[in-house]
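Note sheet for the following structure.
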């Protein structure tokens with residue numbers, strides 16, 4: 001039983017590590033504004049699929065790692081991940097009953113909240129202007145949600161993670 005729990009934790013941690021790598025992977029300048037928020041998508045999936053395994057604490061720890069990798073102010077991405085993950089985890093039973101496309105619109109709303117929290121923290125730290133390119137990642141996160149959902153659901157079922 002203990003090895004099963006260890007295996008499931010390793011798979012969840014591996015998916016979060018892959019999402020972390022995808023979120024800091026360098027991209028061409030033309031594609032960069034369209035990068036989905038892989039980390040948020042992965043955390044939302046695990047928080048609605050297994051809220052007892054991946055929750056606000058997981059989001060906070062992964063957010064701190066994200067801050068360290070990006071070299072941003074410590075805690076900005078942690079806060080910006082904790083609040084949407086909390087909202088998703090608190091409504092996980094309701095979100096499970098929605099279709100994947102309805103979930104995609106909720107994920108877009110959570111991604112907007114994430115982006116606004118990051119912008120707010122950056123604005124408080126230094127004077128920056130809001131650009132319309134900043135929000136393209138919300139659209140791509142919404143479009144990629146069904147595929148992320150199906151991929152992670154297949155991983156969860158294949159390895160019998162509960």
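Just to verify a result, which residue in region 1-18, among those that are closer than 15 Å to residue 65 by Cβ and free of Cβ contacts under 8 Å to residues at least 40 places away in the same chain, is surrounded by the fewest Cβ atoms within 10 Å (Cβ to Cβ)? Steps first, answer last, please.
Here is the first cut: in region 1-18, the residues closer than 15 Å to residue 65 by Cβ are 12-18.
Within this subset, residues satisfying the condition of being free of Cβ contacts under 8 Å to residues at least 40 places away in the same chain are 13-14, 17-18.
Numbers: 13: 13, 14: 11, 17: 13, 18: 13.
Step by step, filter region 1-18, then rank; the result is 14.
Every condition in (1) under 15 Å from residue 155 (Cα atoms); (2) touching a residue at least 60 places away in the same chain (Cβ under 8 Å) is met by residue 43 except one, and the failing one is (2). The single condition among (1) over 13 Å from residue 45 (Cβ atoms); (2) in contact (Cβ under 8 Å) with a residue 12 or more places away in the chain that residue 107 does not meet is (1).
Tally up the residues in region 82-97 that are surrounded by fewer than 19 Cβ atoms within 10 Å (Cβ to Cβ) and in contact with a helix residue (DSSP H, G or I) (Cβ under 7 Å, 6 or more places away or on another chain), please. Steps first, please.
Our first condition is that a residue be surrounded by fewer than 19 Cβ atoms within 10 Å (Cβ to Cβ); within region 82-97, this holds for 83, 86-87, 90-94, 96-97.
With the extra rule that they be in contact with a helix residue (DSSP H, G or I) (Cβ under 7 Å, 6 or more places away or on another chain), the set shrinks to 83, 86-87, 92, 96.
The total comes to 5.
With the condition kept exactly as written, say whether any residue in region 11-31 is farther than 22 Å from residue 155 by Cα and not in a loop (DSSP other than H, G, I, E, B).
Our first condition is that a residue be farther than 22 Å from residue 155 by Cα; within region 11-31, this holds for 24-31.
Next, only the ones that are not in a loop (DSSP other than H, G, I, E, B) stay: 24.
Taking every residue of region 11-31 in turn, at least one turns out to be farther than 22 Å from residue 155 by Cα and not in a loop (DSSP other than H, G, I, E, B).
Being out of contact with any strand residue (DSSP E or B) (no Cβ under 8 Å at 6 or more places or on another chain), at pLDDT 95 or above and farther than 22 Å from residue 29 by Cα: is that true of residue 108 here? When the stated conditions are applied, residue 108 passes them. Residues in region 24-58 that are crowded, with 20+ Cβ neighbours inside 10 Å and over 14 Å from residue 90 (Cα atoms): 8 in all. Consider residue 121 carefully, then state whether it is over 25 Å from residue 8 (Cβ atoms), surrounded by 16 or more Cβ atoms within 10 Å (Cβ to Cβ), more than 16 Å from the chain's Cα centre (by Cα) and touching a residue at least 24 places away in the same chain (Cβ under 8 Å). It is true that residue 121 is over 25 Å from residue 8 (Cβ atoms), surrounded by 16 or more Cβ atoms within 10 Å (Cβ to Cβ), more than 16 Å from the chain's Cα centre (by Cα) and touching a residue at least 24 places away in the same chain (Cβ under 8 Å).
The values are calculated or read from the model by the stated rules, or taken from the named source; none is laboratory data. Because the structure is predicted, anything quoted here is derived from the model rather than measured. Here the Cβ is made from the backbone with ideal geometry for all residues, glycine too, and neighbour counts use every protein chain on show.
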